[in-house]
Amino acid sequence: MLKVDTDENKMRWQQWAAKALFFVGGFGCASWAPMVPMLKARLALTEDVLGMLLLCVGIGSLLTMPLSGAAAGKWGCRRVLVTTGIFYGMVLVLLSMVQSVYMLVPLVLLLGALMGTVDVVVNVLAVIVEKKSGKRLMSGMHAFWSIGGFAGAGIFSVWLSAGLNHFQAALIAWGIILVLLAVFRPHLMTTGGEKRDGSILAIPRGIVIFIGMVAFVSFLVEGAVMDWGGVFLTSVKHFDMSMAGVGFTVFSAAMLIMRLTGDWVVNRLGGGVVTIGGAVLAGAGFVLLIAAPVAWLLYVGFFIIGIGSANIVPVFYSLMGKQKVMPVNQAVSAVSTLGYLGILMGPAVIGFVANSTSLYVSFGLLGALAFSQAVIATYVLRNFSLS
């Protein structure tokens, strides 16, 4: 009896350790955001240079994401996440001190590389922990990334408002990351999936390609809502500029609520209802945004998109622990890379389409992609039911 209790306690700590590292990932990303306007002003960056700089974050992530699964397999999740987390916070501090564009570019590339590594390896860890527990945990894990994001953005703003400079705020952020790593390091699983000879690049194969397509659309939609939601409200629906961020705030709140309750919902309704129904709901949300005759229905549209999209990716990450085509660490790495491509490509594609036609057409395209996601999800889930 004592051994059973000890094993259950150990498993609970492993689950909380994984959630803590999801928090660190979201916290680090959010702590970087307030530095962007500061760096623009300090270094007198023009908009085009700033755009290229932000692209470097994506490039850095894409350089490490396809390799991160192999790194987890070779060195284990604990070693990779702790090492990456330490450097993550340190780079934030260095960015707060930088005085030259020539130093800024390599630091931003490194920041992106660390972001990408944390994103992949923490999801590898989540798949392994969930599979070991035999319970649905993935939505709750992803909720902690969102909580970390809210905490990082909010706390950083409070520190700056209280009179601290960016260096001091970044130093405190690094301290928080170090404390979390110190507390939860002993409980992080040392395994990192299968170590396999051959290419260290994670190239999707078989059913993993279709899981990656689902992730690609999900992250594309999220990136588009984040970058273009405010523009849609102010330019197309003629909202005041002070209300530009409301759409994404409503969307993010809906995502967080559904991810906090997502494991419970998936257990009761099933992964098929949550993913296929969620994709249809997200598509309907875009239709509502386009057709809404009154302002409050626009908020409903953003909320519906968030509710529908929230648990699609967590459910499909869970499936990576059940597929046999690729080692779990390589599968997560491949799917995460495709998802991140969606985040990078989404805003650019929406801008190109909007420039050629209108934002109504762009948001209609997003709705169509959400509906197509339901079709892909149906195929993937049917494949797993037949295997």
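The values are calculated or read from the model by the stated rules, or taken from the named source; none is laboratory data. Predicted model only: the values in this text are computed from it and were never measured. Glycine also receives a Cβ, built like all others from the backbone with ideal geometry; neighbour counts cover every protein chain displayed.
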- Sole exception among (1) out of contact with any Leu (no Cβ under 8 Å at 6 or more places or on another chain); (2) farther than 17 Å from G89 by Cα for V183, by number: (2)
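May I ask you to say which residue of S96, S31, S61 is in contact (Cβ under 8 Å) with a residue 60 or more places away in the chain, closer than 28 Å to L256 by Cβ and over 21 Å from the mean Cα position of the chain (by Cα)? Spell out how you get there, then give the answer.
Details: S31 fails: over 21 Å from the mean Cα position of the chain (by Cα); S61 fails: over 21 Å from the mean Cα position of the chain (by Cα).
Result of the check over S96, S31, S61: S96.
For the condition closer than 17 Å to V36 by Cα, at pLDDT below 95 and surrounded by 24 or more Cβ atoms within 10 Å (Cβ to Cβ), what is the one hit in L104, L111, L125, L95?
Just a single option satisfies the conditions, and that option is L111.
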- Task: Would you mention how many residues in region 373-383 are more than 21 Å from the chain's Cα centre (by Cα) and either loosely packed, with under 14 Cβ neighbours inside 10 Å or at pLDDT 85 or above (or both)?
- Result: 6
- If M326 passes every condition in (1) buried (at least 22 other Cβ atoms within 10 Å of the Cβ); (2) in a helix (DSSP H, G or I) but one, which one does it miss? (2)
- Determine whether region 264-272 contains at least one residue that is surrounded by fewer than 17 Cβ atoms within 10 Å (Cβ to Cβ), part of a helix (DSSP H, G or I) and charged (D, E, K, R). yes
